[in-house]
Amino acid sequence: MGKELKIYLCKGEFVPYLYYLFILKKKELVYNFLHWKNYSFFISVLCLFFSIVSIEMYGFNWNIDFTGGFIFQIRFDNLVELNDISNVLNDVGLYTNQISYFGGLDEVIIRFPYFSNISITDLFNKIFISLNRGLKFKCHIISSEYVGPNVDENLLIFFFLSLFMSILCTSFYIFFRFSWYLSIGIILSLFHDLLLTLGSISFLYIEVSPIVIVSLLSIIGYSINDSIVISDRIRENSKKFKNLSFFDILNLSLTQTYVRTIITSATTFSVAAVLYCFGSEMIKNFSLIMMIGIFFGTLSSIYVSSSLSFQLYNMKRFKIKT
């Protein structure tokens, strides 16, 4: 069947979405995942372009832990809903998602990022007036203060350096375990997932807090694990079925692992979705980024990584022939 498929490809004939391979005297149905490789490349490049443009145009919405800002402790004459406070403040242009109860349901802590065009006194008056007008009961501002950034520039540099070193060490393992074209496909798909996630954070203007940084590390680990599982099956099938073309090996391996990949991704995605629906604001950002990363990671492990490996393998064969 491998020889017949090569003839199909050389003649430029259409390879169906489904075809059969005769493996160990058995007729096995295989999905032609690589039929979509050109479409996946186009969509991936387009998404990467928009991610880079978004990061360049909008940058990132850094948390008060990185930029510094203002903290207000406010007590109300009655029990209050956090969403009601947020809506009142949004109406007057004071956007923040860092509102939490403090001690009881009638007292809250509100954190604002640093505003260069307004003093803490003016901000105090604006909050006091807007809350007393927008809510049905009075509020009393107990304390207000400016705080500097908790995460300094050196710590941020150390984080990105640690991130780079973790990717580098993982790359050594991947290159040691797999052939070079599979290894490059895994590493490039990892950077693909990371850049698309960062672009989504920038475009959606998600507040970047330390817990968001942790979610990026989780996405890297998840993406690498998913790609390694599929690449390991490709490596095993390459040794086991030497009569098959690499095209067949990739489609066979993806057919054998895509159910596991989808179930694992769907399970993790559903947990993140529950956290997003019922968690606090801080957990919502973490779970939202996890959902975005799982979505991109699943697609890249099935299409991007394997398609890149196939293109690199063909480049190697072309060089050998020439």
At q = 0.14, 0.16, 0.23 Å⁻¹, what log₁₀ I(q)/I(0) does a Debye calculation on the Cα points of segment 24-136 give, no solvent, two decimals? -0.71, -0.82, -1.29
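Dipole of the chain, Cα-centred, from +1 at each Lys and Arg C-beta and -1 at each Asp and Glu C-beta, to the nearest 20 debye? Please report the intermediate quantities before stating the final value.
Numbers: 25 positive and 22 negative charges, 478 e Å.
In total the dipole reaches around 2300 debye.
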Within the chain, which whole H helices from DSSP have a Cα span along their axis of at least 18 Å and a mean Kyte-Doolittle hydropathy of -0.5 or more, if any? 37-58, 120-134, 153-177, 180-203, 210-240, 246-278, 281-299, 305-321
Counting pairs of alpha carbon atoms under 8 Å apart in space and at least six apart in sequence, what relative contact order in percent does segment 17-146 give? 27
With a 10 Å Cβ neighbour count serving as the proxy for reagent exposure, in which order, fewest first, do 277, 47, 139 appear? 277, 47, 139
Label points 7 Å out from Cα along the Cβ direction at residue 46 and residue 87: separation in nm? 3.8
Considering the dipole of segment 70-201 built from charges on the beta carbon (Lys and Arg +1, Asp and Glu -1) around the Cα centre, which of 174, 131, 92 is farthest to its positive end? 174
With r as the distance between the Cβ atoms of residue 143 and residue 270 and R0 = 51 Å, compute the FRET efficiency 1/(1 + (r/R0)^6) and round to 0.05. 0.80
At a 10 Å Cβ-Cβ cut-off, how would you order 138, 26, fewest neighbours first? 26, 138
Out-of-range pairs (alpha-carbon distance over 22 Å; input 27/239; 26/242; 37/240): 37/240
What is the order of 257, 267, fewest Cβ neighbours within 10 Å to most? 267, 257
Treating every alpha carbon of the chain as one equal point scatterer without solvent, the Debye formula yields log10 I(q)/I(0) values at q = 0.08, 0.11, 0.13 Å⁻¹ of -0.52, -0.79, -0.98
Mind checking which of 208, 261, 305 is farthest towards the positive end of segment 196-322's charge dipole, using Cβ charges of +1 (Lys, Arg) and -1 (Asp, Glu) about the Cα centre? 305
Can you compute the charge dipole magnitude of segment 243-322 about its Cα centre, using +1 on each Lys and Arg Cβ and -1 on each Asp and Glu Cβ, nothing else charged? Give it in debye, rounded to the nearest 20. 440
Of 245, 225, 276, which is farthest along the charge dipole of segment 185-290 in the positive direction, counting Lys and Arg as +1 and Asp and Glu as -1 at C-beta? 245
Could you check the spin-label model distance between residue 132 and residue 160? Points 7 Å from the Cα along Cα→Cβ, value in nm. 4.5
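Read-outs throughout are calculated quantities, based only on the coordinates presented, and are distinct from any laboratory measurement. This is a predicted model, so every value here is computed, not measured. Cβ sites come from the backbone with ideal geometry, for glycine too, and all protein chains shown count toward neighbours.
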